[in-house]
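Data block below; observations after.
The values are calculated or read from the model by the stated rules, or taken from the named source; none is laboratory data. Model, not experiment: these values are computed from the prediction. Counting neighbours? That spans all protein chains shown, and the Cβs are built from the backbone with ideal geometry, glycine included. Each accessible area value is taken on the protein alone, full model and side chains, heavy atoms only, with ligands, DNA and RNA left out. Shrake-Rupley method; radii C 1.70, N 1.55, O 1.52, S 1.80 Å.
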Amino acid sequence: MMRLDKFLSMYTGKSRRQLKALVKSAGVDVNGTIIRDASRHIDPTQDDISFLGQTFIYRYPLVIMMNKPAGVLSATKDDRRTTAIDLIGPEYPRFSLHIAGRLDIDAEGFLLLTNDGSIVHDVISPKKHIDKTYVATLDRKPADPHVLLEGITIRDGKNKPYQAKAKHIEWLRGRTYKLTIDEGKHHQVKRMFSHTDATVKRLKRIAIGGVMLDEELDPGECRMMERDEIKRVTG
Ligand code: URA
């Protein structure tokens with residue numbers, strides 16, 4: 001069971017005080033009965049809840065696959081820029097989501113969002129070695145991109161030297177390569193290619209763990225992940 005105001009705040013981002021007044025004036029439809037007391041308890045797994053014309057989907061864990069477009073911030077809140085959360089529909093508990101493995105603002109592709117902190121941990125923990133596969137288009141062809149398989153020293157987000165190693169690298173076409181790493185340091189792919197004197201011009205994450213980004217998702221679209229997919233992204 002969960003308090004109604006807590007439930008509604010996950011979807012609307014509104015405070016308990018705001019919801020108290022709104023629920024009183026507008027009412028919430030819980031299984032066909034109008035409730036005006038925001039402190040009432042509901043069962044989010046069983047009850048059908050509509051508020052201000054919106055019906056909500058509840059899942060725990062909820063794991064969302066998004067095809068993040070370039071230009072969107074991998075964050076839950078920002079005063080100026082569009083964030084990944086802004087792209088998620090009001091039917092999902094958007095304000096309870098965490099991002100498991102950020103993408104740079106100019107990077108695109110598979111972004112995973114979940115309301116379960118243990119899933120975030122599993123996806124990003126260096127101990128779990130979950131694969132992340134990227135397609136990178138460079139400004140030039142590196143002389144020997146395979147040095148990245150041997151391991152090179154780059155700097156991490158705190159400017160500390162860090163040994164980075166690609167698990168797989170493959171030339172796709174022109175100046176475009178596919179690269180798999182099982183780590184996720186700040187700007188890791190860009191830093192790795194800069195070691196080969198190339199600059200990443202376009203970066204797209206196409207897989208996490210054993211799950212490919214769904215080709216049906218246009219940039220900016222998302223969908224819930226299935227149980228077997230969740231197993232594969234957490235290793
Ligand atoms: N590596 C990068 O350089 N940027 C990303 O967004 C992800 C991996």
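Against the test of being at pLDDT 95 or above and either out of contact with any helix residue (DSSP H, G or I) (no Cβ under 9 Å at 6 or more places or on another chain) or open to solvent by 40 Å² or more (accessible area, probe 1.4 Å) (or both), the options 76, 83 yield a single qualifying residue, 83.
Here is a check on your reading of the model: is residue 71 open to solvent by less than 50 Å² (accessible area, probe 1.4 Å), on the phi > 0 side of the Ramachandran plot and touching a residue at least 40 places away in the same chain (Cβ under 8 Å)? Let's see the steps before the verdict.
On the way: open to solvent by less than 50 Å² (accessible area, probe 1.4 Å): yes; on the phi > 0 side of the Ramachandran plot: yes; touching a residue at least 40 places away in the same chain (Cβ under 8 Å): no.
No, not satisfied.
Yes/no matrix, rows are residues, columns are (1) charged (D, E, K, R); (2) not assigned by TED's automatic domain parsing to the domain that holds residue 113:
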position: 20; (1), (2): yes, yes
position: 23; (1), (2): no, yes
position: 30; (1), (2): no, yes
position: 34; (1), (2): no, yes
position: 42; (1), (2): no, yes
position: 45; (1), (2): no, yes
position: 49; (1), (2): no, yes
position: 52; (1), (2): no, yes
position: 72; (1), (2): no, no
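Counting the residues of the range 101-110 that are free of Cβ contacts under 8 Å to residues at least 40 places away in the same chain and among the aliphatic types (A, V, I, L, M) gives 1. Residue pairs whose Cβ atoms lie under 7 Å apart, separated by 6 or more positions or on different chains, with the first residue in the range 186-210 and closer than 11 Å to residue 106 by Cα and the second aromatic (Phe, Trp, Tyr), are 200/193; 203/134; 204/134. Within the range 184-218, the set of residues being within 21 Å of the chain's Cα centre (by Cα) and part of a loop (DSSP other than H, G, I, E, B) comprises 184, 185, 186, 187, 209, 210, 213, 214, 215, 216, 217, 218. Restricting attention to the range 185-198 and to residues that are open to solvent by less than 70 Å² (accessible area, probe 1.4 Å) and closer than 13 Å to residue 175 by Cβ, the residue that is nearest to the ligand (Cβ to nearest atom) turns out to be 193. Taking residues in the range 111-133 that are surrounded by 21 or more Cβ atoms within 10 Å (Cβ to Cβ), and partners anywhere that are acidic (Asp, Glu) and assigned to a helix (DSSP H, G or I), the pairs with Cβ atoms closer than 8 Å and at least 6 places apart or on different chains are 130/122.
The C-beta contact set for the range 139-155 (first residue within 14 Å of residue 171 (Cβ to Cβ) and touching a residue at least 24 places away in the same chain (Cβ under 8 Å), second residue charged (D, E, K, R) and open to solvent by 90 Å² or more (accessible area, probe 1.4 Å), distance under 6 angstrom, 6+ apart or interchain) comprises 141/175. Within the range 87-102, track down each residue that is closer than 23 Å to residue 125 by Cα, part of a loop (DSSP other than H, G, I, E, B) and either more than 16 Å from the ligand (Cβ to nearest atom) or open to solvent by 10 Å² or more (accessible area, probe 1.4 Å) (or both). Within the range 87-102, 97, 101, 102 qualify. For the range 138-174, a residue qualifies if it is more than 23 Å from residue 211 (Cβ to Cβ), open to solvent by 40 Å² or more (accessible area, probe 1.4 Å), within 16 Å of the ligand (Cβ to nearest atom) and not in a strand (DSSP E or B), and the qualifying residues are 139, 157, 158, 159.
Regarding the range 1-12, can at least one residue be identified that is within 30 Å of residue 219 (Cα to Cα), under 18 Å from the mean Cα position of the chain (by Cα) and surrounded by 13 or more Cβ atoms within 10 Å (Cβ to Cβ)? I'd like the intermediate steps shown before the answer.
Step one: list which residues in the range 1-12 are within 30 Å of residue 219 (Cα to Cα), which gives 7-12.
So of that shortlist, the ones also under 18 Å from the mean Cα position of the chain (by Cα) come out as 10-11.
Filter once more, keeping what is surrounded by 13 or more Cβ atoms within 10 Å (Cβ to Cβ): 10-11.
So far as the range 1-12 goes, yes, one or more of its residues are within 30 Å of residue 219 (Cα to Cα), under 18 Å from the mean Cα position of the chain (by Cα) and surrounded by 13 or more Cβ atoms within 10 Å (Cβ to Cβ).
Looking only at the range 56-82, count how many residues are of a type outside the set (Phe, Trp, Tyr) and more than 14 Å from residue 111 (Cβ to Cβ). Before you say what the answer is, go through the steps one by one.
Within the range 56-82, the subset of a type outside the set (Phe, Trp, Tyr) is 57, 59, 61-82.
From what is left, the residues that are more than 14 Å from residue 111 (Cβ to Cβ) are 57, 59, 61-62, 77-81.
Within the range 56-82, residues that are of a type outside the set (Phe, Trp, Tyr) and more than 14 Å from residue 111 (Cβ to Cβ) number 9.
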